[in-house]
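Engineer: First the structure, then my questions, so here it is.
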Amino acid sequence: MSLFTPKYITFDCYGTLIYFEMANAAAQRFSDRVPAERMKQFTDVFAAYRFDEVLGAWKPYLDVVDNAIRRTCERCGVEYRDGDGKYIYDLVPTWGPHADTAAGLRKVAREFPLVALTNAMDAQIPHNIERIGVPFHAVYTAQQAQAYKPHMRAFEFMLDQLGCGPEDILHVSSSLRYDLMTAHDMGIRHKVFVARGHEPSTPYYGYTEIRDIGGLAAVVGL
């Protein structure tokens, strides 16, 4: 990517900035029902169903998590118990940033407004953002947009609120499926893929790849 001065640097949060502990939370909850040798398969299925759940009409994130874990239990032949989904959901606001997040963001926050676009409820994300310890210009949630990423509506909501176009932002994410594929389709040319190992690199989607947030400053010439 040639040097670009964005009006805003926009970010995915969970997984990109925040250490996303959904698999760990599920493993903890189901340790008495899923053998250790089957746990990764179980949590992988859970991740797939969470993605499927956000593709429909917007619903509260508790419903996303609870529906996904119910479907996972059914598919894997595991007992579902009342409260399983809420147990996992309630842990989300307790999660903190990746070790590289705060220092990496401080470098760019001096020069650029930072914006978060997150698949979260309004009541969840402030706790996660506070733990980062770096000021954000704005934080937009799926609840506000009434749409989860990868829906274009979520990105459109953010751009409308910012009063800018796809050409004005640099979008940063560790997920192709949730963020960067949609960003590509929307004409957001300037993108950064944080290769945290969640998904394989797919260069077709036209991004700059960095290993962690510490590499972001160089992308914008700092």
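The values are calculated or read from the model by the stated rules, or taken from the named source; none is laboratory data. Since this is a predicted model, take the numbers as computed values, not measurements. Methodologically, a virtual Cβ is constructed for each residue, glycine included, from the backbone with ideal geometry; neighbour enumeration extends over all protein chains shown. Protein only, heavy atoms only, side chains kept; ligands, DNA and RNA dropped before computing areas. Shrake-Rupley method; radii C 1.70, N 1.55, O 1.52, S 1.80 Å.
Engineer: Could you work out how much longer the chain between residue 41 and residue 153 gets when fully extended? Use 0.36 nm per residue separation minus the Cα distance between them, nm to one decimal. Intermediate values should be presented prior to the final figure.
Structural biologist: Numbers: separation 112, 0.36 × 112 = 40.32 nm, distance 3.16 nm.
Working it through step by step, the gained length comes to 37.2 nm.
Engineer: First measure r as the distance between the Cβ atoms of residue 160 and residue 211, then evaluate 1/(1 + (r/R0)^6) with R0 = 30 Å and state the FRET efficiency to the nearest 0.05.
Structural biologist: Working: r = 33 Å, r/R0 = 1.09.
Approximately 0.40, to the nearest 0.05.
Engineer: Still on this structure: Report the one residue of 72, 57, 105 whose Cα lies farthest in the direction of the positive end of the charge dipole of segment 19-112 (charges on C-beta: Lys and Arg +1, Asp and Glu -1; origin at the Cα centre).
Structural biologist: Result: 105, furthest along the dipole toward the positive end.
Engineer: Another question, if that's okay. Would you mind getting the accessible area per residue of segment 72-137, heavy atoms of the protein chains only, 1.4 Å probe, in Å²? The partial results should precede the final answer.
Structural biologist: Working: 3160 Å² over 66 residues.
Heavy-atom accessible area per residue stands at 48 Å².
Engineer: Let me ask you something else. For residue 18, enumerate residues with amide H under 5 Å from its amide H, sequence gap 5+ or separate chain, H modeled in the peptide plane.
Structural biologist: For residue 18, the qualifying residues are 98.
Engineer: Once phi is turned into ³J(HN,Hα) by the Karplus curve 6.51 cos²θ - 1.76 cosθ + 1.60 with θ = phi - 60°, what whole-Hz value does each residue of segment 214-222 show in order, with x for glycine and proline?
Structural biologist: x, x, 5, 4, 5, 4, 9, x, 9
Engineer: Which residue, 133, 83, 104, has the most motion in a Gaussian network model of the chain that connects Cα atoms within less than 10 Å?
Structural biologist: Most flexible of the set in this elastic network: 83.
Engineer: Over 29 Å between C-alpha atoms is what I'm after, so list which of 7/86; 107/149; 40/107 land there.
Structural biologist: From the list (7/86; 107/149; 40/107), the Cα-Cα distance tops 29 Å for 7/86; 40/107.
Engineer: Follow-up. Can you run the Rg to Rh ratio on the chain? Use alpha carbon positions and the Kirkwood inverse-distance Rh.
Structural biologist: 0.97
Engineer: Moving to a separate point now. If you put +1 on each Lys and Arg Cβ and -1 on each Asp and Glu Cβ, how big is the dipole of segment 95-174 around its Cα centre, in Debye rounded to 20?
Structural biologist: My answer is approximately 240 debye.
Engineer: Please compute the modelled spin-label separation between residue 90 and residue 222, points set 7 Å along Cα→Cβ, answer in nm with one decimal.
Structural biologist: 3.8 nm
Engineer: Here's a follow-up. Name the most mobile residue of 60, 203, 113, meaning the one with the largest mean-square fluctuation, in a Gaussian network model of the chain with Cα contacts below 10 Å.
Structural biologist: Its mean-square fluctuation being the largest, the pick is 203.
Engineer: Taking every DSSP beta bridge that has both residues in the chain, what percent is antiparallel when rounded to the nearest 5?
Structural biologist: So the antiparallel bridges amount to about 5 percent of the total.
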